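Heads up, the thing below is written out as structure tokens.
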Amino acid sequence: MVVPETIRAVVIKEVGVAPVTGIPTPKLENDEVLVQVKAVAQNPNDWKHRDGFANPSTILGCDFSGIVAAVGSSVMTSVKVGDQVAGFVQGRHFKDCGAFAEYFRTLADLVWVVPEGTLSDELAATLGCGFWTAVQPLLHPTKLGPTGPPAKVEGEKWVFVYGGPTSVGLFLVKPLGATFVFDYKPPDVLDQILTATTPSAVKAFSPEGKGKVVTILGPKDETAAYNPSVTIQPAFIYTYLGREFNFREVFPLSKEDRDHVVVFLMKVPELVKSGAIKLNCVKLWEGGLDGIEGWFSIYERRKTQYGETCL
Ligand SMILES: NC(=O)c1ccc[n+]([C@@H]2O[C@H](COP(=O)([O-])OP(=O)(O)OC[C@H]3O[C@@H](n4cnc5c(N)ncnc54)[C@H](OP(=O)(O)O)[C@@H]3O)[C@@H](O)[C@H]2O)c1
């Protein structure tokens, strides 16, 4: 595949401004693949990163699917030029890596090959940030980690998902099902939950219970202080990506997290083929890179609440 010397990408210029800009094609490292982007999906963090945490000269965009255009010389996986792949990268953190671009580079073992005849580019792109974020709290051995698919959990173990209808939550609730569903808005929701799940919830959160809460927003100090017998553990999806990064503080490279997601990603093609992964609803947004600006404004007005959006 002939790769151009310059490409177009959505590059942050200043807070709130991220025009499509011409940049040199990223240079491939030995353990990376170069991806020609075919579709991207949007997450709230894309526009928040443009507006709230803008990092000038970095490329926006996290979730992608595309075609492998080049493979680094030391890549050990079976990925090859021409494969349809999908994944997730840390948009707006680096000048050389973001998915809202015609081409970008990423570590070869952080993409998964889309099995032929299964998902379109647009659908494959939606299995990125939200999907990976659902995996970490549930399956990582240091988080809840009951077991990894396709194995089933033995005995009776309960998991409470707060925020089931979010894009992240749906990746858990749709494939696994839910025994009870609660509307979070009524003032007596806590009583409803305790009544329905007693004695399991009471046991988990009693002084002897050693319950564990994995947060994807927080934790706030008062949450941790509320019940000292409960372990509060934050999960941050970027620690899966095999690079040190700065997000209000420096997060060192986590080999443990990267290894976990690499093993999980090897299972994803089979899980897609078997239908075990249930996709979120998708609203298709056309217009290529030039359509992203308009797409942000729609998202900010929260007209696409459920699931993600592709172009
Ligand atoms: N730690 C990480 O690495 C990481 C990664 C990705 C996302 N996140 C976080 O995970 C959260 C979900 O992200 P997402 O992209 O899945 O969001 P999303 O799809 O945009 O979530 C929208 C949904 O949230 C529900 N909601 C709003 N306020 C709520 C509340 N107080 N309690 C329960 N549900 C509420 C809304 O329900 P209604 O329409 O009924 O109001 C709506 O259906 C966000 O806070 C995001 O910042 C963390």
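Taken together, the values in this text are just the output of simple stated rules run on the coordinates, not laboratory data. Predicted, not measured: the structure shown is a model, and the values here were computed from it. Note that we place each Cβ from the backbone using ideal geometry, even for glycine, and neighbour counts take in every protein chain shown.
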Using the Karplus curve 6.51 cos²θ - 1.76 cosθ + 1.60 with θ = phi - 60°, what ³J(HN,Hα) values do you get for each residue of the range 235-246, in whole Hz, with x for Gly and Pro? 10, 10, 4, 5, 5, 6, 9, x, 9, 5, 8, 10
Stokes-Einstein diffusion coefficient for the chain at 10 °C in a medium of 1.306 mPa s, Rh from the Kirkwood formula over Cα pairs: what value in µm²/s? 77
For the chain, what does the helix formula give at 222 nm: sum of -39500 (n - 2.57) over DSSP H segments with n ≥ 4, over the residue count, nearest 500 deg cm²/dmol? -7500 deg cm²/dmol
Nearest 0.05, what FRET efficiency do Arg248 and Asp96 give at R0 = 25 Å with Cβ-Cβ as r? 0.70
By how many nm would the segment from Val15 to Leu176 lengthen if fully extended, with 0.36 nm per residue of separation less the alpha-carbon distance? 54.0 nm
Quote the charge dipole size of the range 1-98 about the Cα centre in Debye, to the nearest 20; the model charges only the Cβ of Lys and Arg (+1) and of Asp and Glu (-1). 200
Return the aspartates and glutamates within reach of Lys283: Cα separation strictly under 19 angstrom, same-chain partners fewer than 8 residues apart disregarded; answer none if there are no such residues. Asp46, Asp63, Asp121, Glu122, Glu293, Glu300, Glu308
Place a point 7 Å from Cα of Ser74 in the direction of its Cβ. Which residues in the range 253-272 have their backbone N less than 17 Å from it? 255, 259
Hey, what do the phi angles of the range 266-273 turn into as Karplus ³J(HN,Hα) couplings, whole Hz, using 6.51/-1.76/1.60 and θ = phi - 60°, x for Gly and Pro? 5, 8, 4, x, 5, 5, 5, 4
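Report the relative contact order of the chain, percent, no decimals, based on alpha-carbon pairs under 8 angstrom and at least 6 residues apart.
Result for the chain is 17 percent.
For a Förster distance of 51 Å, can you work out the FRET efficiency between the beta-carbons of Asp290 and Thr198, rounded to the nearest 0.05?
Given R0 = 51 Å and the Cβ-Cβ separation, E is 0.40.
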What is the spread of the Cα atoms of the range 194-256 along each of their three principal axes, largest first, in whole Å? 43, 22, 19
Expressed as an acute angle from 0 to 90° and rounded to the nearest 10, what is the orientation of the C-alpha long axis of helix 167-176 relative to the principal long axis of the chain? 60
Based on the Cα gyration tensor of the range 132-237, what are the three equivalent ellipsoid semi-axes, each the root of five times an eigenvalue, rounded to whole Å and given largest first? 20, 17, 16
Of the range 134-162, those with amide N under 19 Å from the point 7 Å along the Cα→Cβ vector of Lys185 are 162
Would you be so kind as to identify which of Gln84, Pro187, Leu123 lies farthest towards the positive end of the dipole of the range 79-220, taking Lys and Arg as +1 and Asp and Glu as -1 on Cβ and the Cα centre as origin? Pro187
Cross-link reach from Lys212 to lysines, straight Cα distance under 25 Å and at least 8 residues apart if same chain, gives Lys143, Lys152, Lys157, Lys174, Lys185, Lys203, Lys220, Lys255
Selection from Pro165, Trp295, Pro24 lying farthest towards where the dipole of the chain points positive, charges on Cβ: Pro165
Would you please give the residues with an amide H less than 5 Å from that of Val214, counting only those at least 5 places away or on a separate chain, with H modeled from the backbone geometry? Gln233
Hey, quick one: spin label on Ser120, modelled 7 Å out along Cα-Cβ, who in the range 274-288 has an amide N within reach, i.e. under 12 Å? 282-286
